[in-house]
Amino acid sequence: MSAAQPDLRQRHRTALDVLRRFRQEHLLAFWERLDDGQRGQLLDQIEALPLQLIERLDRERGAPSGSAPQPLTTVLRDSADSPHWESLGLKLVAAGEVCCFTVAGGQGTRLGYDGPKGLFPATPCTGKPLFQLFAESILGWRRRTGASIPWFVMTSPLNHAATESFFREHSWFGLGAESVRLFMQGTIPSLDDGGKMLLSAPGEIAVNPDGHGGALRALAQSGALEEMTRRGVRHISYFQVDNPLARVIDPVFLGMHAGHPGSSAEMSSKAVAKRNVAERVGVFALIDGRTAVVEYSDLSAEQSNAMDLQGHLLFGAGSIAIHAIAVDFAKKLTAEADSFALPFHRAYKKVPFIDERGVLVEPNQPNAWKLEAFIFDALPLTGRSLVVEVRREDEFAPIKNASGDDSPQSSGAAQSAQFANWLEAAGVVIPRQCDGTPDCQIEISPLRALCAADLRGKVSGLAVERGGRVTL
Ligand code: UD1
């Protein structure tokens, strides 16, 4: 008998007792078939289950989704007040009070790319991976402000190892390993119609990442929030890994978040005007008088199409998933990190499972609820929350689909168009097609310029040929 066995037996007894209380004891049905290694792993998984949370989720299943959304008023980023907010934001950054935070738990599956999305080649000329692009931007902002600007990156069990190797192989892109912190988000089991968890193998529970809303709990449990406080960081600049145009640091937005009368400086957001009714972005709305995002799949056709008297979409402020979040706000929400969770959204999906005979079933119809929390569900928990409207061409060109809208091709064109505008503002002649789009491809490293003004007086004599490629 190995020394580990009595310990396993004891853990098994305790786990069985707990699971019985939550009517989930079937998770141990195949115990006798497992070797000690598998038993240990299954017990690790069971002991980490947020059982009370899962029971609550199941109880809440089918509960009414709440009051009807009402239109919300945004404020413009670019206005006569921008210089004021910019100087306030710059002060915060220079004082070391701002860090960057990227949610990167997703895979490139929708792109047909088998790996972490952050490794996906994103820029128009050199095909720079998303992580490298953000790293260079952070480095650029460090140089400009003299601040340390730590970078937190949330991975998931699906891609943590691959993400870490990538950063290591690239020597942390010159940022210094001590100022880049990767941490994993949690997982959540899928539930069948009876509220029972599924097994994906006789010794393994079927789980999936708990959504970017899991970021708050993961930030707390990984010690990242404590680390932020230790470093003097008070505000988190939050963005998704899939948007190469995301401004990793935006002093104007940070200043508005921290100082605008419409903001309680807890959590603020950026929006763009929806491209059309069908665009798959969440929209900002008021629900019970509080700022919220309604996900595109949750908005009825009638609500999506509704217009005001000027012909603007009533729910036309699309979320680009960029937020400023106060560290204290994140701490307040997660004070009880083990039991805290934002509401879970449910999707009925096909989830392979082990049936009671121990046979793997690959369902051809949806059979289970996959659960995911969304970070924007923290918005209604703020006092006053600001939604700042920005120009799409400056800040939003995500890579989500293999082709068409929001694809590598459309994002590359948007990046090129932005750089063309920057060069033009610096006096360079840009060849354009009849519709105004640049007839060339341009890429400018954030190490060279973080905004148009950085190029002024530095690119005189640059000639851009029709159909040409320029990399700076
Ligand atoms: C998302 C938003 C949508 C917004 C749009 C803007 C949701 C549910 N919807 O849509 O409101 O308008 O972006 O581009 O988020 N991620 C994790 N862990 C997870 C799941 C996702 O880190 O468990 C990360 C992904 O790596 C990605 C981001 O969250 O960076 C967005 O996830 P995705 O599922 O692709 O959301 P979208 O449907 O594109």
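The values are calculated or read from the model by the stated rules, or taken from the named source; none is laboratory data. As the structure is a prediction and not an experimental result, all values here were calculated from the model. Every residue, glycine among them, receives a Cβ derived from its backbone with ideal geometry; neighbour counts consider all protein chains shown. Only protein heavy atoms, including side chains, enter the accessible area calculation; ligands, DNA and RNA are left aside. Shrake-Rupley method; radii C 1.70, N 1.55, O 1.52, S 1.80 Å.
How do the pairs read when you match residues in the stretch 281-310 that are within 16 Å of the ligand (Cβ to nearest atom) with residues anywhere that are acidic (Asp, Glu) and not in a loop (DSSP other than H, G, I, E, B), using Cβ under 8 Å and keeping only pairs 6 or more apart or on different chains? Here the result reads Ala292/Asp377; Val293/Asp377, each pair linking the stretch 281-310 to a residue that is acidic (Asp, Glu) and not in a loop (DSSP other than H, G, I, E, B).
Within the stretch 40-53, the set of residues being touching a residue at least 24 places away in the same chain (Cβ under 8 Å) and open to solvent by 40 Å² or more (accessible area, probe 1.4 Å) comprises Gln41, Gln45, Glu47, Gln52. In the stretch 366-386, which residue that is in contact with a Lys or Arg (Cβ under 7 Å, 6 or more places away or on another chain) and more than 12 Å from the ligand (Cβ to nearest atom) is nearest to Asp192 (Cα to Cα)? My answer is Ala368.
Among residues of the stretch 98-119 that are assigned to a helix (DSSP H, G or I), those with a beta-carbon under 6 Å from a residue that is open to solvent by less than 40 Å² (accessible area, probe 1.4 Å) and more than 11 Å from the ligand (Cβ to nearest atom) at least six positions away or on a different chain give the pairs Gly118/Phe131; Leu119/Pro129; Leu119/Phe166. The residue of the stretch 339-365 that is most open to solvent (accessible area, probe 1.4 Å), among those that are more than 16 Å from the ligand (Cβ to nearest atom) and of a type in the set (A, V, I, L, M), is Leu360.
Go through the stretch 417-435 and give me each residue that's in a loop (DSSP other than H, G, I, E, B) and either open to solvent by less than 30 Å² (accessible area, probe 1.4 Å) or in the same structural domain as Glu136 (by TED's automatic domain parsing) (or both). Selection gives Ala426, Val428, Ile430, Pro431. The single condition from (1) free of Cβ contacts under 8 Å to residues at least 40 places away in the same chain; (2) under 24 Å from Glu279 (Cβ atoms); (3) of a type in the set (Asp, Glu) that Asp355 fails is (2).
Spot the failing condition for Asn276; the list is (1) open to solvent by 30 Å² or more (accessible area, probe 1.4 Å); (2) within 10 Å of the ligand (Cβ to nearest atom); (3) in a loop (DSSP other than H, G, I, E, B), and only one is missed. So Asn276 meets the others, but not (2).
Taking the conditions (1) open to solvent by less than 70 Å² (accessible area, probe 1.4 Å); (2) outside any loop (DSSP other than H, G, I, E, B); (3) over 20 Å from Asp355 (Cα atoms); (4) modelled with pLDDT of 95 or more in turn, Asp58 satisfies each one other than (4). The C-beta contact set for the stretch 374-390 (first residue in contact (Cβ under 8 Å) with a residue 60 or more places away in the chain and of a type outside the set (Val, Ile, Thr), second residue open to solvent by 40 Å² or more (accessible area, probe 1.4 Å) and within 13 Å of the ligand (Cβ to nearest atom), distance under 9 angstrom, 6+ apart or interchain) comprises Phe374/His212; Phe374/Pro343; Phe374/His345; Phe376/His212; Asp377/Pro343; Asp377/His345; Glu389/Ala273. Arg9 passes every criterion in (1) open to solvent by 90 Å² or more (accessible area, probe 1.4 Å); (2) modelled with pLDDT of 95 or more; (3) more than 24 Å from Asp355 (Cβ to Cβ) apart from (2). Filtered by the rule that a residue be under 11 Å from Leu472 (Cβ atoms) and not aliphatic (A, V, I, L, M), the stretch 435-445 gives Glu443, Ser445. Evaluate the following for Asp406: is it out of contact with any His (no Cβ under 9 Å at 6 or more places or on another chain), crowded, with 17+ Cβ neighbours inside 10 Å and charged (D, E, K, R)? Against the criterion (out of contact with any His (no Cβ under 9 Å at 6 or more places or on another chain), crowded, with 17+ Cβ neighbours inside 10 Å and charged (D, E, K, R)), Asp406 qualifies.
Taking the stretch 300-338 as the range and being open to solvent by 60 Å² or more (accessible area, probe 1.4 Å) and either assigned to a strand (DSSP E or B) or of a type in the set (D, E, K, R) (or both) as the test, the residues that pass are Glu302, Met307, Asp328, Lys332, Glu336, Asp338. All of (1) in contact with a Ser or Thr (Cβ under 7 Å, 6 or more places away or on another chain); (2) hydroxyl-bearing (Ser, Thr, Tyr); (3) within 12 Å of the ligand (Cβ to nearest atom); (4) open to solvent by 10 Å² or more (accessible area, probe 1.4 Å) hold for Thr187 with one exception: (1). Looking only at residues of the stretch 81-119 that are polar (S, T, N, Q), open to solvent by 40 Å² or more (accessible area, probe 1.4 Å) and near the ligand (Cβ under 10 Å from one of its atoms), we find that the one that is nearest to Leu219 (Cα to Cα) is Gln107. When Gly194, Gly223, Gly259 are checked against the criterion of being at pLDDT 95 or above, out of contact with any helix residue (DSSP H, G or I) (no Cβ under 7 Å at 6 or more places or on another chain), open to solvent by 20 Å² or more (accessible area, probe 1.4 Å) and in the same structural domain as Ala326 (by TED's automatic domain parsing), Gly223 stands alone in meeting it.
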